[in-house]
Structures are given as C-alpha cells and as structure tokens.
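Taking it in order: structure first as structure tokens, then the write-up.
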Amino acid sequence: MRKELDKELVKSFSGKYEDDKYPYEPYKKLVWGRLKLKGKYSVLGAWKSGCVRSSNAQGYKSFDFDGQTLYYTGRWKAGTPAQKKGWEKFNNINFQQKLLQISNQKTFEKPGLFANVNAIDGIGFVYTLFVLHCENPRLFPLYDQHVWRAYLYFINEDYKSAKTASQSWGSFEKYSTWFKSQLKSLGDIHPTELDRALWTFGKELKKK
C-alpha cells in the first residue's frame with residue numbers, strides 16, 4: 001500500500017524548514033522571481049551547496065543580495081565539495097546564452113546541453129540537475145538525496161539505504177513525474193512549498 005501525501009503533512013514539514021540556516025529567499029527570488037543579478041550562479045551555487053547563511057555567527061564573509069546582507073560560509077571556495085570555481089563558470093555570458101536552450105525547453109527530456117554542464121569540474125549529476133531547475137523550474141524540479149529519500153518512502157521502496165540521490169536520468173524522470181502528480185492532487189500547493197516539505201521530511205528520515 002502506497003503512503004499518501006496530504007496538505008496537512010506538506011504544510012507541517014514545509015514549516016519545519018530551517019530558513020535561518022538555509023535561507024530560501026535568494027533561491028526563490030533568483031529562480032522563481034527571475035531576479036536579474038550579475039553573477040547569479042555564484043549565489044545559487046553557494047545556496048545549493050549549503051554555503052549561504054542569514055547570520056554571521058562564525059565570522060563569515062558578507063555579501064549584498066538585493067538589499068539583504070547574507071553570508072558565505074568558509075566552505076565557499078575553490079577546492080572544496082562546494083565547487084565554487086565550477087559554479088562561477090555559469091556566470092560567463094557565453095554560457096548564459098547556451099543555457100537559454102534549457103529555459104526555452106517545453107518537453108521533459110534530457111537537454112542536449114546536459115553533458116556540457118555535467119562535464120564542468122566538480123559539478124556532477126545532481127548539481128547539473130540544479131542548473132536545469134534554475135533555468136526551467138516548472139519543467140525540472142529540485143532534486144537531491146533528501147527529496148529522493150522522501151519519494152522512496154512514499155512509494156514504499158527502500159529509503160533507508162538511500163545515502164545519496166540516484167544518479168540516473170531515468171530515476172530523475174520518475175521522481176519528476178511523481179512530484180508533478182503530487183502537485184496536481186494537492187491543488188493549491190506551490191512547487192516550492194512541496195519541495196521544502198519533501199526536503200525536510202527526507203532529512204528527518206535520514207536520522208532514522
């Protein structure tokens with residue numbers, strides 16, 4: 001028997017999202033609000049890799065984001081898993097022009113540019129999917145180990161052994177289909193609210 005998501009669960013876990021630790025505003029403004037910002041992938045890459053904070057408890061480097069002071073953690077530098085150098089390559093104007101192919105895509109299929117993005121040093125599969133999401137958020141949902149784990153839980157598959165997200169396009173496609181079907185059945189839930197709920201829920205499952 002499949003477990004079902006409902007609005008109460010979504011709102012509950014979305015409300016538990018640690019916004020003070022992982023500020024959602026930069027992502028929401030840049031991706032969903034389409035805020036124009038020079039060097040936007042420096043902010044988005046740092047956000048995706050968990051290197052943006054809203055408070056400066058540990059002497060972090062500050063930066064201005066649309067009038068708000070935010071902070072890069074010490075991990076936001078070259079040679080770390082955050083892959084600062086790789087993310088910054090997406091700020092290149094020529095690469096930005098290429099990314100328009102993804103922005104203009106209408107059907108769910110692997111973009112021709114996928115291999116080019118994936119080949120950038122340190123970016124890899126999940127970060128490549130994040131670039132797809134940033135360029136076309138309604139077509140390509142957010143994806144990582146936590147939402148993947150939540151998905152496995154709700155379809156009654158082995159979520160406990162999911163230490164990372166599946167690294168195959170087929171798995172991402174299955175997750176995307178499921179995510180969109182949940183949005184449709186839930187009604188007036190925005191994709192960001194469902195994502196926050198699944199991310200928080202999957203993160204808690206990891207502790208069990």
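The values are calculated or read from the model by the stated rules, or taken from the named source; none is laboratory data. Since the model is a prediction, treat every value here as computed from it, not as a measurement. As a convention, Cβ positions derive from the backbone with ideal geometry for all residues, glycine included, and neighbour counts pool all protein chains shown.
Quick rundown of the values:
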item	result
Extreme residue, farthest from LYS110 (Cα to Cα), among residues of the range 161-203 that are of a type in the set (Lys, Arg) and surrounded by 12 or more Cβ atoms within 10 Å (Cβ to Cβ)	LYS203
Residue among TYR22, TYR41 that is within 15 Å of the chain's Cα centre (by Cα) and part of a loop (DSSP other than H, G, I, E, B)	TYR22
Candidates PHE140, PHE172 - the one that is at pLDDT 95 or above and in a helix (DSSP H, G or I)	PHE172
When residues of the range 70-92 are limited to those that are among the hydrophobic types (A, V, I, L, M, F, W, C) and modelled with pLDDT under 90, the one farthest from the chain's Cα centre (by Cα)	ALA78
Some residue of the range 69-78 being touching a residue at least 40 places away in the same chain (Cβ under 8 Å) and not in a loop (DSSP other than H, G, I, E, B)	yes
Pair list, Cβ under 7 Å, 6 or more apart: the range 158-171 residue under 24 Å from ALA115 (Cα atoms), other residue aromatic (Phe, Trp, Tyr)	ALA165/TYR143; ALA165/TRP148; SER166/TRP148; GLN167/PHE125
Failed condition for PHE108, given (1) without any contact (Cβ under 8 Å) to a residue 40 or more places away in the chain; (2) assigned to a loop (DSSP other than H, G, I, E, B)	(1)
All positions within the range 79-98 that are surrounded by fewer than 19 Cβ atoms within 10 Å (Cβ to Cβ), among the hydrophobic types (A, V, I, L, M, F, W, C) and part of a loop (DSSP other than H, G, I, E, B)	none
VAL147, sole failed condition from (1) touching a Gly at 6+ places or on another chain (Cβ under 7 Å); (2) farther than 17 Å from ASP6 by Cα	(2)
Residue identified as surrounded by 15 or more Cβ atoms within 10 Å (Cβ to Cβ) and out of contact with any Asp or Glu (no Cβ under 9 Å at 6 or more places or on another chain) among LYS40, LYS36, LYS61	LYS40
